[in-house]
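Undergrad: This is the structure I want to talk about, given as structure tokens.
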Amino acid sequence: MKRLWVGSVWVSFCLASGARAEPPQPYGPLPSARQLRWHETELFSLIHFGLNTYTDREWGYGNEDPALFNPKAPDANQVVSTLKKAGMNGVILVAKHHDGFCLWPTKTTPHNITKSPWRGGQGDLVREYADAAKKHGLRFGLYCSPWDRNSAAYGTPDYLPLYQAQLRELLANYGTLFEVWFDGANGGDGYYGGARERRNIDRFTYYDWPATWGLVRQLQPSACIFGDVGPDCRWVGNETGYAAEDSWATFTPKGKTDVARPANGDSLNHLEAQAGHRGGAAWIPAECDFPLRKGWFWHPNEDATVRPPAKLMDIYFNSVGKGGCMNVGVAPDRDGFVCEADVRALEAFGNVLRTLFDLNYAAGATVEASQVRAWADKPGQPHPYAPENVRDADRYSYWATDDGVTNATLTLTLPAVAEFNVVRLRENIQLGHRVDSFAVDVWTAGDWQTYAAGQSIGACRLLRGPKVKTDRVRLRITAAAACPCISDFGLFATPPALEPHP
Ligand code: FUL
């Protein structure tokens, strides 16, 4: 038996002298490097701005006149700097929506921005957003609708080469992308070069997804591909921004066709996407998208529908706080600006978010674990699995137990009594989803009381409850498929702006 001083506690372990225990083995499907970066991005925005902005529609038919697109002074910097103030780390621009109008000077179709009077036909809105994202330090992504209600070729074999050429232009010319969005809405009635008819496609085969996704892999290897079924991040299955109470990054997409990995738009089980699957076949975390207003595009009469900061926080707790990403749809108005009501809501949300996570009451705590993974190292070297690792901001430094120890506790003793109501937990997801259930207890009135409990942790689990005052908090891992590897145990208090008013 050896005893080791780990930060503020003594830990006992058995280890033959000179032996060195192995690091924990990863468990189950694991995130790729691009998915790890996506998880770290957490909060971003999807911008819808195009002909629909001027026609007051959500889905243009495809026959709209490009001359309608004539914003007085569109300012991508105003939009992107507003997003930054809202705490966002990325921005995805809809470069082409279902109406087929391309916001960049594409060679693939005349239905594009060069036919609009804006900037004398010399404009490139994709370039302006890419530059603004770079300037303000946000990651950049693009959405190019597979469905094209303008193209005469849509529905015939001639469309796919055209669509892939559009993707190639976008993937090759606008810098590094963090995400490429493939919308699941595909096929139906449209203008189609004047045919004005209904064109249905086989969603499984029509877009040759392996080849189309392959373009992204080839030209933007660090970009995550978003789609109903992934392959890198999945649609959460609703447009309200909510994942399930317990949401798993692991998921087994089920298609209408009997194939192991169905194609975009072919998912049968998008309702299951809210929770994912414990033990699912692949790491495909949930992206929780929703529009800030009623519609994805700006409409003159929807100012009153802007979601207030408290609602945005609620969505944050149910998206980022369930191990997914939050994607807020922002719609510039006819001048190309985020209008006043939206700016107010987004900035207030950003302020609340910053205030909330500014003070971590666990930062100065002593941390004691019921068990710490054995590690015989040279004196003076930090223990790689020390309980204290849960206090730092590093998502990948962690506390671990020995293999086979799947019930364990981690107790924080705070320097003073603190009042908080938000608990943040993270696993080191480089090693997979390991924990199956946990509880958080607070020491009150001379006893431990259960404050919150759940099953999934993953990249981030936020638990919000009533405000509680205590100087001792305990995490109990009650079941795990492999030894727990916990990277974060934080305590925070929501600012007064979020408290219910009498
Ligand atoms: C949906 C589209 O049909 C909407 O118009 C919007 O673009 C949204 C983000 O995705 O599937």
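The values are calculated or read from the model by the stated rules, or taken from the named source; none is laboratory data. Please read these numbers as outputs of a predicted model, since none were measured by experiment. All Cβ positions, glycine included, derive from the backbone under ideal geometry; neighbour counts span all protein chains shown. These accessible areas exclude ligands, DNA and RNA; they are computed on the full protein's heavy atoms, side chains included. Shrake-Rupley method; radii C 1.70, N 1.55, O 1.52, S 1.80 Å.
Undergrad: Take the eigenvalues of the Cα gyration tensor for segment 389-495, scale each by 5, and report the square roots as semi-axes in whole Å, largest first. Display every interim value, and only then the final one.
TA: Values: eigenvalues 101, 42, 30 Å².
Here the semi-axes work out to 22, 15, 12 Å.
Undergrad: What does the highest-first list of 232-238, 283-289 look like by mean Cβ count within 10 Å? Walk me through the intermediate numbers first.
TA: Working: 232-238: 23.6, 283-289: 26.7.
Those peptides, ordered most packed to least, come out 283-289, 232-238.
Undergrad: Measuring from label point to label point, each 7 Å out along Cα→Cβ, what is the residue 445 to residue 478 span in nm?
TA: With each label placed 7 Å out from Cα toward Cβ, I get 2.1 nm.
Undergrad: Hey, if you drop one equal point scatterer on each alpha-carbon of segment 309-422 and run the Debye formula without solvent, what base-10 log of I(q)/I(0) do you get at q = 0.12, 0.15 Å⁻¹?
TA: -0.66, -0.86
Undergrad: Using just the Cα positions, wrap segment 24-102 in a convex hull and report its mean projected area in square nanometres, one decimal place.
TA: Values: hull surface 32.6 nm².
Over all viewing directions, segment 24-102 projects a mean Cα-hull area of 8.1 nm².
Undergrad: With only alpha-carbon pairs counted, each pair once and no self-pairs, how large is the Kirkwood hydrodynamic radius of segment 312-352 in angstroms? Intermediate results must be reported in sequence, preceding the final value.
TA: Details: mean 1/r = 0.0878 Å⁻¹.
In segment 312-352 this quantity evaluates to 11.4 Å.
Undergrad: If we restrict to alpha carbons, what Rg and Dmax does segment 405-462 come to, in Å?
TA: Cα-based Rg and Dmax for segment 405-462 come out at 12.8, 39 Å.
Undergrad: Another question, then. Given the chain reduced to its alpha-carbon atoms as identical point scatterers, what log10 I(q)/I(0) does the Debye formula return at q = 0.08, 0.10, 0.13 Å⁻¹?
TA: -0.54, -0.80, -1.19
Undergrad: Projecting each Cα onto the charge dipole of segment 33-358 (Lys/Arg +1, Asp/Glu -1 at the beta carbon, about the Cα centre), which of 240, 310, 69 comes out farthest on the positive side?
TA: Of the options given, the answer is 69.
Undergrad: What three numbers, in Å, describe the spread of the alpha carbons of segment 444-502 along their principal axes, ordered from the longest?
TA: Taking the Cα atoms of segment 444-502, the three principal extents are 46, 30, 16 Å.
Undergrad: Students often check this: by mean Cβ neighbours within 10 Å, which of 131-140, 204-213 ranks highest, and how do the rest follow? Don't jump to the answer; show the numbers that get you there.
TA: Values: 131-140: 19.0, 204-213: 16.9.
In descending order of packing, they fall as 131-140, 204-213.
Undergrad: How would 417, 442 line up by accessible area, probe 1.4 Å, largest first? All intermediate terms of the calculation are to be shown ahead of the outcome.
TA: Details: 417 100, 442 5 Å².
In descending accessible area the options line up as 417, 442.
Undergrad: So, for the chain, what is the accessible surface per residue at a probe of 1.4 Å, expressed in square angstrom?
TA: Values: 19220 Å² over 502 residues.
Heavy-atom accessible area per residue stands at 38 Å².
Undergrad: Determine how large the accessible area of residue 405 is when every protein chain is in place; take a 1.4 Å probe and give Å² rounded to the nearest 10.
TA: 40
Undergrad: Here is a follow-up. Rounded to the nearest 5, what is the percent of antiparallel bridges among the DSSP beta bridges in the chain?
TA: Details: 51 of 83 bridges.
Counting DSSP beta bridges with both partners in the chain, the antiparallel share is about 60 percent.
Undergrad: For the chain, which whole percent of the accessible surface, found with a 1.4 angstrom probe, sits on carbon and sulfur atoms?
TA: Carbon with sulfur: 52 percent of the solvent-accessible area.
Undergrad: If you stretched the chain out fully between residue 172 and residue 354, how much longer would it get, using 0.36 nm times the residue separation minus the C-alpha to C-alpha distance? Could the numbers behind the result be given before it?
TA: Details: separation 182, 0.36 × 182 = 65.52 nm, distance 3.52 nm.
So the extension gain works out to 62.0 nm.
Undergrad: Counting each pair of different Cα atoms once, what's the Kirkwood radius of segment 173-251 in Å, rounded to one decimal? Don't skip to the answer; put the middle values down first.
TA: Details: mean 1/r = 0.0668 Å⁻¹.
Averaging 1/r across every pair of different Cα atoms and inverting gives 15.0 Å.
Undergrad: Could I ask something else about it? Taking only the alpha-carbon positions of segment 154-209 and ignoring solvent, what does the Debye formula give for the base-10 log of I(q)/I(0) at q = 0.15, 0.22 Å⁻¹?
TA: Those come out to -0.54, -0.99, one per q.
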